[in-house]
1. Within the range 357-384, can you find the residues that are part of a loop (DSSP other than H, G, I, E, B), basic (Lys, Arg) and either open to solvent by 50 Å² or more (accessible area, probe 1.4 Å) or modelled with pLDDT under 95 (or both)?
2. What's the number of the condition ARG304 fails, among (1) open to solvent by 10 Å² or more (accessible area, probe 1.4 Å); (2) basic (Lys, Arg); (3) in contact with a His (Cβ under 8 Å, 6 or more places away or on another chain)?
3. Checking ARG136 against (1) over 25 Å from MET219 (Cα atoms); (2) loosely packed, with under 15 Cβ neighbours inside 10 Å: exactly one of these is not met. Which one?
4. Quick one: ILE327 ticks every box in (1) under 17 Å from PRO361 (Cβ atoms); (2) surrounded by fewer than 24 Cβ atoms within 10 Å (Cβ to Cβ); (3) in contact with a strand residue (DSSP E or B) (Cβ under 6 Å, 6 or more places away or on another chain) except a single one, so which number is it?
5. Filter the range 192-221 down to the residues that are among the charged types (D, E, K, R) and farther than 25 Å from TYR17 by Cβ and list them by number.
6. Does ALA146 qualify as being surrounded by 19 or more Cβ atoms within 10 Å (Cβ to Cβ), part of a helix (DSSP H, G or I) and either at pLDDT 95 or above or in contact with a strand residue (DSSP E or B) (Cβ under 6 Å, 6 or more places away or on another chain) (or both)?
7. Only one of these conditions is not met by ALA133: (1) more than 21 Å from the chain's Cα centre (by Cα); (2) part of a loop (DSSP other than H, G, I, E, B); (3) modelled with pLDDT of 80 or more. Which number is it?
8. Residue pairs, Cβ under 6 Å, 6 or more apart or interchain, first in the range 307-320 and of a type in the set (Asp, Glu), second open to solvent by 20 Å² or more (accessible area, probe 1.4 Å). List them.
Amino acid sequence: MTRPDQTVPDVFDPRIYAAGLPHDAFRELRDRRPVAWQQEYEVLGWPAGPGFWAVTRHADVVRVLKDSGTYSSHLGATQIRDPDPADLPFIRRMMLNQDPSPRFAGEAPSDHGRLRRLVSRAFTPGRIDRFTAAARTRARQLLTAARDTGPVIDLVTAVTDDYALLNLADLLGVPESDRGLLLKWTERVIAYQDPDEPPVLGPDGRPVNPRSPAMLREMFTYARELAAYKRRSPADDVMTSLAQSELSAAELEMFFFLLTVAGNDTVRSAAPGGFLTLAEHPDEQRRLRAGEAGLDLAVDELLRRHPPVLSFRRTATRDTALAGQRIRAGDKVVVFHASANYDERVFDAPYGLDLGRSPNPHVSFGDGPHVCLGAHFARLQLRVLHEEALDVLPPLVTAGPPRRLVSNFINGIKSLPLTAA
């Protein structure tokens with residue numbers, strides 16, 4: 001196995017993130033090599049790739065995310081690993097892997113803006129109000145049950161995993177009997193690098209891309225069946241709205257995939273990260289409990305400290321330069337949100353916790369045309385969960401180290417033991 005250039009800090013290896021964010025490596029890259037070449041060696045059974053440019057400064061991350069004309073989501077999709085060329089047309093059907101406007105003369109118009117508008121219409125004010133009330137009831141029930149089990153709580157298994165999953169199921173309108181399927185599909189896609197989620201191997205003995213058509217067939221079949229059911233028996237949920245919209249069958253399947261995976265794992269990753277951060281900073285936790293810090297600003301600061309997504313990939317459409325580094329057309333360019341959120345050029349005392357931080361231009365939900373469509377819902381769920389936790393739980397203290405996801409994509413926590421002091 002070819003190892004990375006030892007003179008450049010390695011931020012590619014998924015195993016690095018099982019120990020937390022590699023702050024020293026990110027800091028060195030921001031200071032000395034803000035656009036640095038990373039070798040993409042074989043690891044965890046996944047084959048080697050051609051390598052990529054790691055972008056670590058906040059200003060450069062924002063520039064890449066906003067400039068879809070130069071840094072495309074469409075050309076090579078948005079994961080570090082290159083998809084199988086045969087799968088790329090399928091993967092490009094997802095809104096996340098489209099560019100908002102044509103790049104070349106004569107190219108067909110993009111569906112990106114139309115698709116975002118269609119989904120946005122499904123989130124009506126009344127639906128948001130009902131969702132908020134249901135999320136609050138669920139948060140209180142889960143937190144109360146966790147508190148009553150004893151002095152040590154695994155907040156992930158007792159609260160945050162179920163909170164995120166059940167909220168998503170209610171929002172989509174997935175029947176209770178089918179909700180375990182959402183978790184299975186999410187785990188398959190998000191945790192594919194983690195040894196606790198063994199990959200599916202193809203005929204060649206290599207892991208199969210969890211976003212390939214073969215791996216998503218079961219989910220897409222379910223999405224079609226659920227949409228047909230919602231047309232026969234409409235309800236006040238997002239899948240009913242999408243099933244009755246002008247979306248094609250293929251577009252609806254991709255939206256179900258995107259909402260299931262992103263809608264679940266954004267909150268599922270951010271929620272335990274926020275509680276861990278508070279437990280590690282007792283003074284700020286006391287400020288929050290005393291009402292000296294407002295929850296809206298606090299939620300954003302917790303998101304800055306623990307972004308749910310570590311990185312996203314783009315592909316250069318033409319020769320260009322970024323932070324003085326020449327980039328060639330076709331090169332992979334990977335932005336690291338987890339580094340940008342700690343950039344000393346933008347954030348005062350970035351390694352501290354300031355629950356009243358304002359302004360707070362973190363990029364935990366991205367930026368530009370692909371800024372997270374569900375950012376409002378994620379913030380809403382996190383605020384409700386923290387409000388209820390302040391009322392139900394006593395101050396929290398870490399009772400052991402967290403177990404983190406092995407991933408260079410999702411900043412996940414698999415277990416978080418806390419003591420209710």
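The values are calculated or read from the model by the stated rules, or taken from the named source; none is laboratory data. In this text the structure is predicted, and so the values were computed from the model without any measurement. All Cβ positions, glycine included, derive from the backbone under ideal geometry; neighbour counts span all protein chains shown. Just so you know, the surface numbers come from the protein's heavy atoms only, side chains and all, with ligands and any DNA or RNA stripped out. Shrake-Rupley method; radii C 1.70, N 1.55, O 1.52, S 1.80 Å.
1. The first filter runs over the range 357-384 and keeps only residues part of a loop (DSSP other than H, G, I, E, B), leaving 357-367, 371-374.
Remaining after also requiring basic (Lys, Arg): 357.
Listed by number, the list is empty, since nothing qualifies.
2. Of the numbered conditions (1) open to solvent by 10 Å² or more (accessible area, probe 1.4 Å); (2) basic (Lys, Arg); (3) in contact with a His (Cβ under 8 Å, 6 or more places away or on another chain), the odd one out for ARG304 is (1).
3. Among (1) over 25 Å from MET219 (Cα atoms); (2) loosely packed, with under 15 Cβ neighbours inside 10 Å, the lone unmet condition for ARG136 is (2).
4. ILE327 satisfies all of (1) under 17 Å from PRO361 (Cβ atoms); (2) surrounded by fewer than 24 Cβ atoms within 10 Å (Cβ to Cβ); (3) in contact with a strand residue (DSSP E or B) (Cβ under 6 Å, 6 or more places away or on another chain) except (1).
5. Let us first name the residues in the range 192-221 that are among the charged types (D, E, K, R), namely 194, 196-197, 204, 206, 211, 217-218.
Within the range 192-221, ASP204, ARG217, GLU218 meet the criteria.
6. Details: surrounded by 19 or more Cβ atoms within 10 Å (Cβ to Cβ): yes; part of a helix (DSSP H, G or I): yes; either at pLDDT 95 or above or in contact with a strand residue (DSSP E or B) (Cβ under 6 Å, 6 or more places away or on another chain) (or both): yes.
Yes.
7. Single failed check for ALA133: (2).
8. From the range 307-320, the pairs are ASP319/ARG328; ASP319/ALA329.
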